[in-house]
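Read the structure below first, then the notes.
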Amino acid sequence: FQHHSVPLSTAASKFILITAASLNIGAYGFAPPPASWASKVLNNSGSVPSIRPSTIASSMTSVVGESFDTATNSSDEFQKLSTDISKLKRVLTQEYISFFNPMVSSWYAADVSFDDPMTSLSGVDSYRKNVDMLAGRTLMGKILFEGAGINLHSVTGGEITEDESGNLKISELVTRWTLRVTAKVLPWKPTAVFSGISVYNVKPGGKEGVEITGQTDYWDSINIKPNTPLSPPQNQYQKVPTNIAVQDFLNQLKPEGFTAAAAAPELPYLLLRRGDGYELRRYPGFIGIETPYVRRDYGFGSLGAFTKGMDPLAPSIMKVWNEDDLNEEEPNDKTMTWPLKFTNPGEGTDAPDPPASAVEKAGDGQWKSISIARTPERVIAVRTFEDAAMAPVVRNADRELRKILKTDGLTPSEGSEKFVVFSQYDAVHSMGKRRSEVWIELADGGHPF
C-alpha cells in the first residue's frame, strides 16, 4: 500500500542500503513435452547396380534396422529428458516450499548465474548464502529478517524441441510468485513484498540429466513493459536500472505512521501481484449480507445491528452506479455488503452456506431490505487511496486503475465500467490514516493467474 513519506534515520538508511542487495527471488516451472517430432531422413546416393533379390532383402533389412534403431534412440532420449525435467520441477517445488532448506545443488550448473533487479550472483554457493541470510538461517539474517516465504502461482514453459542437427533443447521455464520478508531490525518491522516471474535457462546434461544454467528474476512493480501482451510472459518484462529497484525496496521500509483501527478481522486473500500502483488479489468465495443505502452511515448502522453476534468481516464493500445511471427513471440502488463467511482452501470456488441466523432474519420484518449475497472466488485489481471516500475521489481512483490495467495488459470483467466498487476497512469515526480501496474484478483469461 502507499505510505506517507517519513525521513529515515542515518542508521536505518545504512541498514536499508546494506540489505538492498540481499533479495534474489525464484520459483519453478512445468510444461508438457511437444506433441510431435521431426523424423530423420536417410539419403542414399550413387548408381544402383543389378543385384539379386537376396541382396536387396539384406540391404533393406540393414537400412530399416538402422532407421528403427535411430528412431528408438531418439524416443528413449526424449523420454529420459522428459522424466528428468519432471524430477527437476518436483525438486524446485520442494525448494520453494521449504524456502531452499535444503537447496539441492546437483540440479544446478557449477557456474550458474542468478540475476534480479538489485543483485547479480554467480555459483550455487553464493545463491545459497544469499537465500539463507534472507530466511534468517545465518547470523546476519537472524538479526535482519524474519517471516520470509514464497507463494507459487503458476508455471509455464519447459517444452522439449529438436534443432536442425537433431539435438534436444529445453525452452525456458517461467514461474510466477510472491515473496515477502519482514525487516525485524527496524523498530516498526516493515514487511517488503515482491511479486514477479523467474525465467530459468535449462539444458540437458549435468549430474541429474538436466541442469539450471541461469535464472533471471523480474518484479511486477518495476519491470513490466507497457502495452505488451501477457503471453509469452518473459516477453512482457524488461530490465531497468538498479537504482529503480533499490528505491522500490526503500519505499516499502518507510514507517506508515498512525493508522486507523480496523473495523473487524479482514477477509483473507492471496496476493498475486504487487504492481506499480495496484495489487491483484485472489479472494475466496464468501457469503455476506447486503443492503441498499442512501447515506453510508445508515448502511453501517443497519448492517451493524443485523450482524450483532455474527462476527462479520472487513471490509465494507460499496457498489455505486456511475453518473449516467442517474438519468434513468429508476436508477439502481447503491449497495453495501459485509462478508460473513468464506470458503476454505480445498472446498471449491463457490460461496459457503450462510449462517442459519442470517437466513432466518434476512428479508423479514425490520430486516426487509437486507438480503443474503453470494460471491464466488474471483481475481480483483485493487488501488488504494488515502483521501476521504467522496464520489469524485472514488471515481478518479477507478479511472486511474483502469488506465493502469490497460497498460499492463489486464482486462476488467464485462460491464464493470458501469459502476464503481470501493471498500473501507476502518471503524466508523476512527482516527489516523484510513485504508480505502477501489476494486475492479478481472475477466476470466484477462490476467495471467
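Brief remarks on what is shown
- From the options S371, S357, residue that is farther than 23 Å from F422 by Cα and among the hydroxyl-bearing types (S, T, Y): S357
- So I222, is it hydrophobic (A, V, I, L, M, F, W, C), within 15 Å of the chain's Cα centre (by Cα) and surrounded by fewer than 22 Cβ atoms within 10 Å (Cβ to Cβ): yes
Per-residue answers, yes or no, for (1) in contact (Cβ under 8 Å) with a residue 24 or more places away in the chain; (2) of a type in the set (K, R); (3) touching a strand residue (DSSP E or B) at 6+ places or on another chain (Cβ under 9 Å):
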position: N243; (1), (2), (3): no, no, no
position: T259; (1), (2), (3): yes, no, yes
position: A264; (1), (2), (3): yes, no, yes
position: L267; (1), (2), (3): yes, no, yes
position: T291; (1), (2), (3): yes, no, yes
position: F306; (1), (2), (3): yes, no, yes
position: G309; (1), (2), (3): yes, no, no
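- Every condition in (1) under 26 Å from the mean Cα position of the chain (by Cα); (2) not in a loop (DSSP other than H, G, I, E, B) holds for G348 except the one numbered (2).
- Filtering the range 146-155 for residues that are over 22 Å from I97 (Cα atoms), of a type outside the set (G, A, S) and at pLDDT below 95 leaves an empty set.
- Residues that are outside any strand (DSSP E or B) and either open to solvent by 70 Å² or more (accessible area, probe 1.4 Å) or within 22 Å of Q424 (Cα to Cα) (or both), drawn from the range 330-343: E330, N332, D333, T343
- N243 being open to solvent by 60 Å² or more (accessible area, probe 1.4 Å), polar (S, T, N, Q) and either touching a Gly at 6+ places or on another chain (Cβ under 6 Å) or over 21 Å from V91 (Cβ atoms) (or both): yes
- Scanning the range 226-242 for residues that are out of contact with any helix residue (DSSP H, G or I) (no Cβ under 6 Å at 6 or more places or on another chain) and not polar (S, T, N, Q) returns P229, L230, P232, P233, Y237, K239, V240, P241.
- Counting only strands (runs of 3 or more DSSP E) wholly contained in the range 268-315, the ones carrying 3 or more residues that are touching a Ser or Thr at 6+ places or on another chain (Cβ under 7 Å) occupy 270-274, 286-293.
- Where a residue in the range 178-196 is more than 18 Å from P117 (Cα to Cα) and its partner, wherever it lies, is surrounded by fewer than 16 Cβ atoms within 10 Å (Cβ to Cβ) and among the hydroxyl-bearing types (S, T, Y), with Cβ under 7 Å and at least six apart: T182/T191
- Within the range 267-287, one or more residues are within 17 Å of R435 (Cα to Cα), under 20 Å from the mean Cα position of the chain (by Cα) and open to solvent by 60 Å² or more (accessible area, probe 1.4 Å).
- Pair list, Cβ < 8 Å and 6+ apart or interchain, from the range 424-449 residues that are on the phi > 0 side of the Ramachandran plot to residues that are surrounded by fewer than 20 Cβ atoms within 10 Å (Cβ to Cβ) and not in a loop (DSSP other than H, G, I, E, B): G432/T259
- Scanning the range 171-192 for residues that are within 17 Å of T93 (Cα to Cα) and open to solvent by 10 Å² or more (accessible area, probe 1.4 Å) yields E172, R176.
- Leading residue by the ranking (least open to solvent (accessible area, probe 1.4 Å)) among those in the range 376-417 that are polar (S, T, N, Q) and assigned to a helix (DSSP H, G or I): S416
- Every residue from the range 360-375 that is surrounded by 16 or more Cβ atoms within 10 Å (Cβ to Cβ) and out of contact with any Gly (no Cβ under 9 Å at 6 or more places or on another chain): K361, A362, W367
- All of (1) touching a strand residue (DSSP E or B) at 6+ places or on another chain (Cβ under 7 Å); (2) at pLDDT below 95; (3) hydroxyl-bearing (S, T, Y) hold for S231 with one exception: (1).
- Exclusive hit being more than 19 Å from Y293 (Cβ to Cβ) and without any contact (Cβ under 8 Å) to a residue 40 or more places away in the chain, set E360, E400, E386, E417: E360
- Residue match in the range 196-210 (condition: assigned to a loop (DSSP other than H, G, I, E, B) and at negative phi): yes
- Qualifying residue in the range 161-170 (condition: on the phi > 0 side of the Ramachandran plot, assigned to a strand (DSSP E or B) and open to solvent by 30 Å² or more (accessible area, probe 1.4 Å)): no
The values are calculated or read from the model by the stated rules, or taken from the named source; none is laboratory data. Just so you know, these numbers come straight off a predicted model, no measurement behind them. Heads up, the Cβs are rebuilt from the backbone with ideal geometry, glycines too, and the neighbour counts pull from every protein chain shown. Heads up: the accessible areas ignore ligands, DNA and RNA and are worked out on the full protein's heavy atoms, side chains in. Shrake-Rupley method; radii C 1.70, N 1.55, O 1.52, S 1.80 Å.
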